[in-house]
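*Asks:* Quick one: the structure is below, and I'll ask about it shortly.
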Amino acid sequence: MKKLIYLLTVTALGISACNSGNKGYTISGTIEGAADGDTVFLQERSDREFNKIDTAIISKGGFSFEGSQDSTVNRYITYAKGDNQLIMDFFLENGKIDVKMGKEENSAVGTPANNAYQEFRTQMSALNNKQNEIYESMGNPALTDEQKEAKLKEMNSLEEEMMKIIKDGIQKNIENTVGVFLLGQYNYYLEYTEIEPLLEKVPAAFQSNETIVHLKELVKTAKATAVGQKFVDFQMKTPEGKDIKLSDVAGKGKVVLVDFWASWCGPCRREMPNLVEAYAKYKTKGFEIVGVSLDRDLQSWKDGIKQLNITWPQMSDLKFWESEGSRLYAIRSIPHVVLIDKDGTIVARGLHGEELQAKLAELIK
């Protein structure tokens, strides 16, 4: 199964592009389970908070919003009454937009951006439904080991299909608002070598967008710490508050594994026994690990070190995703390892499990 990761998500909530003409928009919609007199909100999201733009009251089973846009922007329609809470993002642009919201499916069509986005959303929704069915069925205690293995393989296949849908959706729409939005939302599924040519196709109208500017910076940083480059040094604190540099260990005749992790990261904790095993096997053969924690709480970090039997050097500035080390190495998800050879050259990145063990066996004789 594709490895689980904690993600640094780059949001793309402010992406806009000029609309030709300015005849205004009309949003007409229905909501499953709603009643006349209920309230529907048109909202934007900024700094992880929802802000109301407009309000509509359901009448005769439907609702509507009207206005005018000089750009195409990603917005939300929200409805909440008791246990029935629904939210859907869409693209607010001039034209007639038809919306349907329900517990199982959402749709917004009628304008170019929404038609393109709905095609992507429909494909992803179908795949998510299949994955959920498999996940639920795996809880059946009557399943044999062979049946469980078959379901895991099916899940892997669906995840590969999802990756293709994401990449195809971005590639197909990269010259419009939808593609730029999807690139911001799903860039962590792509390697930096895949992102760079996509950025070159982004229209001039989006080049100054915050998301695109950030991704350009990440690509530039990633190149400086790519396989084949010398390691980039940085300094942080140990759990005891002492200064420690990566160069205290790297580039001094040992194979060094830099492990970007955090005590709050479930996938990191699941991967840690593999590192413990590798350290026990190779620590007397010219191998060292340096842990770089993206924790923000000192005690949680210390507790994680103890609970996970980590005995190698640790460093952190307790700045979460603003960690200087993670920024220098363009880290978007954790766990993430960087392998540095005896001479200080980066020889591998992002390996886990069996792939990592095989690479260590190759490097450490």
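The values are calculated or read from the model by the stated rules, or taken from the named source; none is laboratory data. Everything quoted here is computed from the prediction, not taken from an experiment. A quick note on method: Cβ atoms are made from the backbone with ideal geometry, for glycine too, and the neighbour counts reach across all protein chains shown. Surface accessibility is based on the protein's heavy atoms, side chains included, excluding ligands, DNA and RNA. Shrake-Rupley method; radii C 1.70, N 1.55, O 1.52, S 1.80 Å.
*Asks:* Mind checking which residues of the stretch 280-336 are within 26 Å of Y192 (Cα to Cα), in a loop (DSSP other than H, G, I, E, B) and β-branched (V, I, T)?
*Replies:* I331
*Asks:* Output the number of residues of the stretch 169-225 satisfying the condition of being under 20 Å from S326 (Cα atoms), polar (S, T, N, Q) and surrounded by 17 or more Cβ atoms within 10 Å (Cβ to Cβ).
*Replies:* 5
*Asks:* Given the structure, is G110 touching a residue at least 12 places away in the same chain (Cβ under 8 Å), crowded, with 16+ Cβ neighbours inside 10 Å, over 25 Å from I331 (Cβ atoms) and not polar (S, T, N, Q)?
*Replies:* Yes, satisfied.
*Asks:* Here is a follow-up. State all residues of the stretch 304-318 that are over 21 Å from A280 (Cα atoms) and open to solvent by 10 Å² or more (accessible area, probe 1.4 Å); if no residue qualifies, say none.
*Replies:* Selection gives D317, L318.
*Asks:* Quick one: count up the residues across the stretch 108-128 that are within 23 Å of the chain's Cα centre (by Cα), small (G, A, S) and over 13 Å from Q69 (Cβ atoms).
*Replies:* 3
*Asks:* Has the stretch 234-242 got at least one residue that is assigned to a helix (DSSP H, G or I), among the hydroxyl-bearing types (S, T, Y) and surrounded by fewer than 18 Cβ atoms within 10 Å (Cβ to Cβ)?
*Replies:* No, because not a single residue in the stretch 234-242 is assigned to a helix (DSSP H, G or I), among the hydroxyl-bearing types (S, T, Y) and surrounded by fewer than 18 Cβ atoms within 10 Å (Cβ to Cβ).
*Asks:* Is it the case that the stretch 273-296 has a residue that's within 21 Å of the chain's Cα centre (by Cα) and polar (S, T, N, Q)?
*Replies:* Yes; the residues of the stretch 273-296 include at least one that is within 21 Å of the chain's Cα centre (by Cα) and polar (S, T, N, Q).
*Asks:* On to the next question. Anything in the stretch 254-268 that is in a helix (DSSP H, G or I) and surrounded by 16 or more Cβ atoms within 10 Å (Cβ to Cβ)? List them, or say none.
*Replies:* P267, C268
*Asks:* State yes or no: is I340 closer than 14 Å to V232 by Cα, at pLDDT below 95 and among the hydrophobic types (A, V, I, L, M, F, W, C)?
*Replies:* No.
*Asks:* How many residues does the stretch 319-365 hold that are among the hydrophobic types (A, V, I, L, M, F, W, C), open to solvent by 30 Å² or more (accessible area, probe 1.4 Å) and touching a residue at least 24 places away in the same chain (Cβ under 8 Å)? Walk me through how you get there before you give the answer.
*Replies:* Pass one, the stretch 319-365, residues among the hydrophobic types (A, V, I, L, M, F, W, C): 320-321, 328, 330-331, 334, 337-340, 346-348, 351, 356, 358, 360-361, 363-364.
If we keep only those that are open to solvent by 30 Å² or more (accessible area, probe 1.4 Å) too, we end up with 320-321, 328, 347, 351, 358, 361, 363.
Okay, now just the ones that are also touching a residue at least 24 places away in the same chain (Cβ under 8 Å), so 320-321, 328, 347, 363.
Within the stretch 319-365, residues that are among the hydrophobic types (A, V, I, L, M, F, W, C), open to solvent by 30 Å² or more (accessible area, probe 1.4 Å) and touching a residue at least 24 places away in the same chain (Cβ under 8 Å) number 5.
*Asks:* Oh, and also: Filter the stretch 122-145 down to residues that are closer than 23 Å to E161 by Cα and among the charged types (D, E, K, R) and give me whichever is least open to solvent (accessible area, probe 1.4 Å).
*Replies:* K130
*Asks:* State all residues of the stretch 269-293 that are open to solvent by less than 10 Å² (accessible area, probe 1.4 Å) and aliphatic (A, V, I, L, M); if no residue qualifies, say none.
*Replies:* M272, L275, A278, I289, V290, V292
*Asks:* Six or more apart or on different chains, Cβ under 6 Å: which pairs go from a residue in the stretch 151-172 that's farther than 30 Å from P112 by Cβ and touching a residue at least 12 places away in the same chain (Cβ under 8 Å) to one that's assigned to a helix (DSSP H, G or I) and open to solvent by less than 50 Å² (accessible area, probe 1.4 Å)? Could you list them?
*Replies:* K151/I134; E154/I134; M155/I134
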